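One structure is given below, encoded as C-alpha cells.
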Amino acid sequence: MEEQPAGAVAAGGGLAQGVKCAWAASAPEYVAYHDEEWGRPVTEDAALYERLSLEAFQSGLSWLVILRKREGFRRAFDGFDPHKVAAYTEQDVTRLLGDASIVRNRRKIEAAVANARAALELPGGLSSLIWRFADPKAPAPRTPADVPAWTQGSKDLAKALRKAGFRFVGPTTAYALMQACGLVNDHLEACPARAFSGPGAIGRV
C-alpha cells in the first residue's frame, strides 16, 4: 500500500490506518493510547507524576496491563495528586496492597509514595527537572528496530531523578517516560501521529 504523509486522517476522521506504529494495532487500548496520548507533550507536574508512577508499575509487565488498570490506579491513588499521595501512611500502603484494581507490588507502591514526596521537594517542580532532558533533534525512526530502549539522555534523566530522591526509575523506565510524554518523538517517520508529538508539538496540542 502506498504510504500516506504524516498527519493523514482516515475517512472517519481518525488517524489513517496502515501507516501507524505497528504496536498500535494490537489491542483497542493500544489504538486509543497511541492515537490520543503517546508522544504528545505532557508538561504539568501532576500528569508527569502519574506517568512516572505508571511507568514504574509497568516494569516487568506488559503496558497493556497498566492501561487496563489505569482507572483503578487513579481511584486508588487519589487521581495521582502528589500532595495527597505524599501524605500516605503505612495504612494506605496496606490498603493498596489489598486493591485488586492495581498492580499489588509493595516496592512499587512505596516508590510511588516516595516519589510524590520527592516531586514536592523539587524547587522548580517535576516538569522543570524532566523537561531539561527533552531531545527535539532525535532522528525519526523509520522502522521499529530504530527505536532504542534507552539513550544517554534517559540515563542522565534517571540519574537526576534518583539524585532527587526518586525510586524505581532506571534508564529504560526514564526513556519510556520520555517517549510517552513527548520529550522525544518516537512515532515512526510515516506515522500520522508524529505530526502531533514530540517537543515541537508543545502549544499545538
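Of all the residues that make up the range 47-69, how many are surrounded by fewer than 17 Cβ atoms within 10 Å (Cβ to Cβ) and part of a helix (DSSP H, G or I)?
Of the range 47-69, the ones surrounded by fewer than 17 Cβ atoms within 10 Å (Cβ to Cβ) are 47, 60-62, 64-65, 68.
Among the residues that remain, those that are also part of a helix (DSSP H, G or I) are: 47, 64-65, 68.
Counting residues in the range 47-69 that are surrounded by fewer than 17 Cβ atoms within 10 Å (Cβ to Cβ) and part of a helix (DSSP H, G or I) gives 4.
Residues in the range 86-119 that are part of a helix (DSSP H, G or I), of a type in the set (A, V, I, L, M, F, W, C) and over 15 Å from Phe57 (Cα atoms): how many?
So the first thing to find is which residues in the range 86-119 are part of a helix (DSSP H, G or I), and the list is 86, 90-97, 106-119.
From what is left, the residues that are of a type in the set (A, V, I, L, M, F, W, C) are 86, 93, 96-97, 109, 111-114, 116, 118-119.
Then drop every residue that is not over 15 Å from Phe57 (Cα atoms), which leaves 86, 118-119.
Within the range 86-119, residues that are part of a helix (DSSP H, G or I), of a type in the set (A, V, I, L, M, F, W, C) and over 15 Å from Phe57 (Cα atoms) number 3.
Any residue at all in the range 136-150 that's in contact with a helix residue (DSSP H, G or I) (Cβ under 7 Å, 6 or more places away or on another chain), aliphatic (A, V, I, L, M), under 20 Å from Ala47 (Cβ atoms) and at pLDDT 95 or above? No, the range 136-150 contains no residue that is in contact with a helix residue (DSSP H, G or I) (Cβ under 7 Å, 6 or more places away or on another chain), aliphatic (A, V, I, L, M), under 20 Å from Ala47 (Cβ atoms) and at pLDDT 95 or above. When the test is whether a residue is more than 30 Å from Lys20 (Cβ to Cβ) and free of Cβ contacts under 8 Å to residues at least 24 places away in the same chain, Ser128 passes it.
Among what's in the range 155-191 and is among the charged types (D, E, K, R) and over 13 Å from the mean Cα position of the chain (by Cα), pick the residue that is surrounded by the fewest Cβ atoms within 10 Å (Cβ to Cβ).
Initial filter on the range 155-191 (among the charged types (D, E, K, R)): 155-156, 159, 162-163, 167, 186, 189.
Among the residues that remain, those that are also over 13 Å from the mean Cα position of the chain (by Cα) are: 155-156, 159, 162-163, 167, 189.
On the way: Lys155: 16, Asp156: 14, Lys159: 14, Arg162: 15, Lys163: 9, Arg167: 16, Glu189: 15.
So the residue we want is Lys163.
Looking only at residues in the range 74-85 that are of a type in the set (D, E, K, R) and part of a helix (DSSP H, G or I), the one that is nearest to Ser59 (Cα to Cα) is Arg74. Taken over the range 120-131, the criterion of being farther than 20 Å from Pro171 by Cα and either assigned to a helix (DSSP H, G or I) or acidic (Asp, Glu) (or both) is satisfied by Leu120, Glu121.
The values are calculated or read from the model by the stated rules, or taken from the named source; none is laboratory data. Being a predicted model, the structure only gives us computed values, none of them experimental. Ideal geometry is used to build each Cβ from the backbone, glycine not excepted, and the neighbour counts take in all protein chains shown.
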